[in-house]
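Worksheet for the structure shown next.
The values are calculated or read from the model by the stated rules, or taken from the named source; none is laboratory data. What you see is a predicted model; the values in this text were computed from it and never measured. Methodologically, a virtual Cβ is constructed for each residue, glycine included, from the backbone with ideal geometry; neighbour enumeration extends over all protein chains shown. These area figures cover heavy atoms from the full protein model, side chains too; ligands, DNA and RNA do not enter into them. Shrake-Rupley method; radii C 1.70, N 1.55, O 1.52, S 1.80 Å.
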Amino acid sequence: MGNNINKRTIRVVELFAGVGGFRLGLERASSNFLTIYANQWEPGRTKQWAFECYVSHFGESENHTNEDIAIVKNEIPQHDLLVGGFPCQDYSVAHGNNAKGIQGKKGVLWWEIIDIIKNQEPSLILLENVDRLIRSPHLQRGRDFGIMLKTLFDAGYDCEWRVINAADYGHPQRRKRIFIFAYKRNLRVKMFGRFGFKKLLLGKGFFSDIFPIREVNKNKNIENLDINSSNFSDLVDLSENFTSNFYNSGVMIKGVVYSTEVIPKKEKETTLREILETGEVDERFFIKESLEKIEYLKSSKRIERINPIGEPYIYSEGQMFFPDLLDRPARTMLTSEASINRSTHVIEDVETSRFRFLTPIEAERLNGFDDNWTNTGMPERFRYFTMGNALVVPLITTMGKKIEKLWGRII
Ligand SMILES: C[S@@+](CC[C@H](N)C(=O)[O-])C[C@H]1O[C@@H](n2cnc3c(N)ncnc32)[C@H](O)[C@@H]1O
C-alpha cells in the first residue's frame, strides 16, 4: 500500500460502510482517494451480507472490520478524511456517574464517531444522515443537531451542512439526505479564503459551489446562533435546554451558526423510466397478489387508533401514486422495498403493461451503483435492503471532486 501513497493521496476511513457507497463515489472521483480502513457491522445478524458485498468488491483485507464500531474504534489508523452514513438516533446527554460527569446516551453511534474524531483528528469529515436529523427529537426540535454541532466545535472543527434531494441535481431518485462537511478550524481560510457565512452559504462554500442555489427563503433563517458560548454551561445543559430551528443549509464558524432555507437551482430531471431494465423482465417481479390489496395500502385513510395511554386518535395517511409515475424521478427507496407495503414501488411494465416491482438492478440504478453491485451472494431481499440503506453514489463523486480541489489548497 505504501507505494501508492504520495503527497496528493487522501487517506480515507469509511465508517458504517454498508456496501461501500462512499468508497465507490470517491474512487470514481479520483484515484487520489485511498481507503485505508473500513468498518461495517449489521447489529444482531449472523449473516453479514453488506460486509460480504463490500469485501467482494474491495478485497479481503485486515483493514475491513466486521465488528461493532464501539469495539474496534481504537484501532482506526490516522487518516485525512473520515466518511460515513450513520443511523439517526436520540443523542441526549445525561450526568454520568464517572468523574467527567457528562455521558452521552449509551449505544448511540454519534459518540463513537466523536471519539474517533478526537483520537485521530482527521483534517476533513463527510457525514450523511436522514434529513429529519436537523429537527429531532420531535419534542425538543433541533436538540440532536445542536449537540452534534457543539461536539464538533469542541473537537476543533468548523462545518457546513446541506440537505440535498438527489433528484434536484439530475439523479433518478427523490432521496433527501443531510450531508455534513466538517474540517479542522485552522483549514477554513486556506480552503475557502476569508468568505463569511453568507458567501459560504450562497455560492462560495463546499456545498453551494457544487450544488447551486436558485434563491433563499428570507423568512427561514437563523443568524448568529452561538453554540460555543456561555449560553450553555456544558453538554448536559445544552442537551436539556437547547432548541432551535435549523434549515436545509448552514455554516458553523468558530461555534457560531448561520442557517437558511435555500431553494436549489434544479438540473434536468432523470426519470424512473430512464433507469428501467429494457427487454423482458423475469416473471417473479410481476405482481401475483391482489391489486386491491396494494391499491388499499397506497390509498388515503383515516383510521381510529388508541395511543399508549388509552386515548383514541385519528391516524391518517395520504394517497400515493399507483402505479408509480414513470416520468418523474422515483420516490425514496426504503429498506423495506422487498416487502409489500405502502412505500414499495409498483410500476406498469413498459413492455407488457402489467404491474410489477422494481428489479434489484433497478434498485441499484436508483442509487447510481453499477448494475449487479449487490449480486454477491446475498438473498434477493437483502439486495433491496442494502440499497434502502445506501446513498446516491454520484453525489459523493461530485463532493469527492470538490474535496480533491480543497485538498490541493491545504497540502
Ligand atoms: C445508513 S447505512 C450506510 C450505508 C452505506 N453508506 C452504503 O453506501 O451502503 C448504516 C450502516 O451502518 C451499519 N451499522 C449499524 N450499527 C453499526 C455499528 N454499531 N457498528 C458498525 N456498523 C453499524 C449498518 O449495518 C448499515 O449498513
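Comparing mean-square fluctuations of 61, 244, 208 from a GNM of the chain with C-alpha springs under 10 Å, the top value falls on 61. Taking 334, 201, 124 in turn, the Gaussian network model of the chain (Cα-Cα springs below 10 Å) assigns the largest fluctuation to 334. Based on protein heavy atoms only, the stretch 339-411 ends up with 36 Å² per residue of surface accessible to a 1.4 Å probe. Going 7 Å from the Cα of residue 155 toward and past its Cβ, which residues in the stretch 115-137 have a backbone nitrogen under 14 Å from where you end up? Those under the cut-off are 115-128. In the chain the Cα-Cα distances spread across 20 Å bins starting at 0 as 25, 57, 19, 0 percent of all pairs. Annotation: average projected area of the stretch 11-67 is 3.6 square nanometres, based on the convex hull of Cα atoms across all directions. Taking label positions 7 Å along the Cα-Cβ direction at both residue 75 and residue 233, the computed distance is 4.2 nm, reported to one decimal. Per residue, the convex hull spanned by the alpha carbons of the stretch 12-111 comes to 122 Å³. Qualifying chymotrypsin sites (Phe, Trp or Tyr not before Pro) in the stretch 282-344, where qualification requires a DSSP coil assignment and no more than 14 other C-beta atoms within 10 Å, comprise 321. Each Lys or Arg adds one and each Asp or Glu takes one away; over the other residues whose Cβ falls under 9 Å from the Cβ of residue 22, this sums to -1.
Report, to the nearest whole %, how much of the accessible area of the stretch 329-411 belongs to carbon and sulfur atoms, 1.4 Å probe, protein only. Of all accessible area on the stretch 329-411, carbon and sulfur atoms account for 47 percent.
Add +1 for every Lys or Arg and -1 for every Asp or Glu among the other residues with Cβ under 14 Å from the Cβ of residue 266, and state the total.
+2
Taking the DSSP beta bridges with both ends in the chain, the antiparallel portion is around 75 percent. Sorting the Cα pairs of the stretch 99-160 by distance into bins of 10 Å, from 0 upward, gives 18, 54, 26, 2 percent per bin.
For 317, 128, the ranking by accessible surface with the largest value first comes to 317, 128, using a 1.4 Å probe. The stretch 299-332 and the stretch 217-235 have Cα centres spaced 35 Å apart. Probing with 1.4 Å while keeping every protein chain in the model, the per residue accessible area of the stretch 18-65 equals 43 Å². Volume per residue of the convex hull around the Cα atoms, evaluated for the stretch 220-291, comes out as 255 Å³.
Each pair of Cα atoms in the stretch 52-148 enters the Kirkwood radius, and Stokes-Einstein at 4 °C and 1.567 mPa s then converts it into a translational diffusion coefficient of 84 µm²/s.
When only alpha carbons are used to place a centre, the stretch 166-195 and the stretch 123-147 end up 15 Å from one another. Accessible area per residue was computed with a 1.4 Å probe on protein heavy atoms; residue 378 scores about 20 Å².
Annotation for the stretch 222-294: GluC sites (Glu not before Pro) lying in DSSP loop with at most 14 further Cβ atoms inside 10 Å of their Cβ are 267, 280, 289. With protein chains left intact and a 1.4 Å probe, residues in the stretch 111-238 average 40 Å² of accessible area per residue. Computed from the C-alpha gyration tensor, the three semi-axes of the ellipsoid equivalent to the stretch 272-377 are 30, 16, 13 Å, from longest to shortest.
In the chain, the calculated helix contribution to ellipticity at 222 nm averages -7500 deg cm²/dmol per residue, counting -39,500 (n - 2.57) for every DSSP H run with n ≥ 4.
Computed with a 1.4 Å probe over protein heavy atoms only, the accessible area of residue 271 comes to about 20 Å². Specify the residue with the greatest mean-square fluctuation among 18, 310, 196, computed from a Gaussian network of the chain linking alpha-carbon atoms under 10 Å apart. Highest fluctuation of the listed residues: 310.
Restricting the stretch 230-337 to trypsin sites (Lys or Arg not before Pro) that sit in a DSSP loop and have at most 13 other Cβ atoms within 10 Å of their own Cβ leaves 254, 265, 266, 268, 288. The heavy atoms of residue 189 offer some 60 square angstrom of accessible surface to a 1.4 angstrom probe. Taking a sphere under 9 Å around the Cβ of residue 348 and counting the other residues whose Cβ falls inside, with K and R at +1 and D and E at -1, yields a net charge of 0.
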